[in-house]
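The values are calculated or read from the model by the stated rules, or taken from the named source; none is laboratory data. As the structure is a computational prediction, the values presented were derived from the model and not from experiment. Cβ: placed from backbone, ideal geometry, glycine included. Neighbour counts: every protein chain shown. SASA here: full protein model, heavy atoms, side chains in, ligands and nucleic acids out. Shrake-Rupley method; radii C 1.70, N 1.55, O 1.52, S 1.80 Å.
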Amino acid sequence: MVKITRLKDDGRGKITLTASHFDKMMERIVKGDSKCTVELFRNFVSMAQRNYGRGMRWLGEYHLIHQLPSFLPSVDIASDKEGNETMRAFNGIVTLSVDHIDSSSDLEAVKRVAAMMPMTLAAFIGSTATSVKILVRVEPKDGHAITTEEEAERFCSLAYGIVVKAYDAVISQNVQMAVSAREGFCLYAGFRMPLDPQPYYNADAVPMRIEEVVQGQELQVSQPLHDRQFTGEDGFEGEGDSEIRKMMEFLKTRYAFRYNMLEGVSEMKILAKPNFGWLPLDGQRFNSILLDIQSSGLRVWDKDFNRYLHSMKVTIYDPVQDYLYSLDHRWDGNDHIGRLADCVPTNCPQWKSWFRKWFVSMVAQWLGCDRRYGNSVAPLLISRQGYNKSTFCRRLLPPQFRQTFIDNLDVAEKKATLIAMAQSLLINLDEFNAIAPRIQQGFLKNIMQLPTVKVKLPYARSIETLPRRASFIATTNLTDILADPSGSRRFIGIELTAPIDVKSPINYDQLYAQAMNAIKKGDRYWFDQAETNEIIAHNRQYQLLSPAEHYFRLCFEVVQDPSEGEFMTAAAIFQRIKQVAGSSLGVSGVTKFGRFLTNMEGMVHKRSKLGTVYLVKPIVGQTAE
């Protein structure tokens, strides 16, 4: 049974080498691992490509990368007590990679074509879910055994040059060597832990026989793709001296450019004046640079310069991501999130733990940690005026990001709300009582759990899918405020007992370093079902009763034991309440009233010959005179 090398980082820079049976690894590919680290990594990659893509990779470091083991299929490596590594066996396997595959159907198509080749040992979807890794069996044509590391490295280099061409001829995607092989380490090329429920595996693959080169002959290996530079429609730069190329060379000697993802604008730096820092590339600066280009004798126009600014030649910059990842490993161990929660005086015993979970979830939302769900819960601060609620909300963001705080959003404007969710970090639903119950129960309740938003931006030609950034918080002066009759789980009602302390300084670096540490450790930053039920029960005291529920509770009680009440139809209950409420009931028909009864918390109902019946206990004395 073939043994390959497994590498695992302990998170502190120490790499552990172990031998792993190839069959066992293939079984693990199908099942995944208990921590779902591959799935988390895929979420990160998807976020990076979506937010910072445009041909560029996010330069930050994935915070759980050390939990993803790597495999070297070409070689079985042994390590002695002193840490010296030696090749125990050469396996005769090389790793190919087909990258940047957009759809699952294309991924499966590549695997099917690879499976047609008799020398394919395995083909499976890679760790990013956008690539296919192909393991190919190879052996020397003369059949001699390779025993030294130098001979194995040289043979792998030769094999890659031949195998890549063979697979590239039959696969309609760009077939490359594994990354390490492209960087010159052919024997130590491999892949990160993948995840594929249906990998291709042929234990009886026939090795491709590779003829050894004559000693001293220079190896001809294909040029690594990453050494080539991307440009226009043809994909690579040509040889000619075009006006566009001259413009780019002119700009590189005088300016640096980047695209600010948070602000949504291009920025520039004058290389001769570094003290000026990064400046927004507004219309005046754009035209000044364009005039400089044209004054140098280059025949280019504003559309050429603008095309350059919105190409893969310009670096993607996200100040939020830069800031958060700069705080990695910098937490001092003190509970800064708890101290911030303590600034809010309240009698709610769960406030501190609920706030901590919401705050970490807000940071995870900025990082795009979860592609399936957004931060779907928001604290709702309740007090009379003058208790510093809005000021506290604004102070949650570091000063450099305060411009992304919104507190005057009209939630009824759906398009504006969706755009704000993509372009801001925190939205304060100020004067929450002004939001109509139908908006609370419908649109707002739905969008709060979205991980992405679909909206047509101003001047855009089509609807775009944008990553959601913003989390929500809310303030109000009223206590009977939550309108969802089925129980409110999107908001955490917190009634203040005194004004919030907004004078104590906040150590923002340590505050967010603590949140990053919690995310890196894998702490749960979402509310489980038990906590959600606890929030619903807590929020009952802030429930806004509709006229229908108000009159229902005047006439009936909700019970659980049939011996304490009786089963009645919606029509019978409606008629009894109508006698008391008259036209002020607020429900026009029995059908709507039946839906209201079904959604009432704790209501017991069942099917009968008369239709759906509800278990209620009439209150004596509440009848029409």
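Here is how the numbers come out for the structure above:
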| read-out | value |
| --- | --- |
| Among Ala530, Val558, Val613 - extreme Cα towards positive end, dipole of segment 463-617, charges at beta-carbon | Val613 |
| Hull volume in cubic angstrom per residue (convex hull over the Cα atoms of segment 92-164) | 94 Å³ |
| Distance (nanometres) between label positions extended 7 Å along Cα→Cβ at Lys24 and Trp278 | 4.7 nm |
| Burial ranking of peptide ranges 528-540, 432-444 (average Cβ count within 10 Å, highest at the top) | 432-444, 528-540 |
| Stretch gain in nm, segment Phe286-Arg540, where the contour uses 0.36 nm per residue and the Cα spacing is subtracted | 85.8 nm |
| Protection proxy ranking, peptides 472-484, 593-605, 291-303, average beta carbon neighbours within 10 Å, highest first | 472-484, 593-605, 291-303 |
| Burial order of peptide ranges 113-125, 199-211 (average beta-carbon count within 10 Å, highest first) | 113-125, 199-211 |
| In nm, spacing of pseudo-spin labels at Glu464 and Asp410 (7 Å Cα→C-beta vector) | 2.4 nm |
| Links that overshoot a 28 Å alpha carbon limit, given the list Lys31/Lys357; Lys389/Lys456; Lys454/Lys606; Lys8/Lys31; Lys111/Lys454; Lys352/Lys389 | Lys31/Lys357; Lys389/Lys456; Lys454/Lys606; Lys111/Lys454 |
| Counted charge near Arg254, where neighbours are those whose Cβ lies closer than 12 Å (Asp, Glu -1; Lys, Arg +1) | +1 |
| Value of relative contact order over segment 67-175, rounded to a whole percent, pairs C-alpha under 8 Å and six or more apart | 26 percent |
| Simple Cβ-charge dipole of segment 269-409, Lys/Arg +1 and Asp/Glu -1, about Cα centre, in debye nearest 20 | 220 debye |
| Calculated on alpha-carbon atoms, Rg and Dmax of segment 313-418 in Å | 16.1, 55 |
| Segment 433-587, accessible surface, carbon-and-sulfur percent (1.4 angstrom probe) | 50 percent |
| Segment 303-364 shape via C-alpha gyration tensor axes, a/c threshold 1.5 | prolate |
| Accessible area expressed per residue, segment 74-184, with surrounding protein chains retained (probe 1.4 Å, Å²) | 43 Å² |
| Accessible solvent surface per residue of segment 270-395, calculated while the other protein chains remain in place, 1.4 angstrom probe, Å² | 50 Å² |
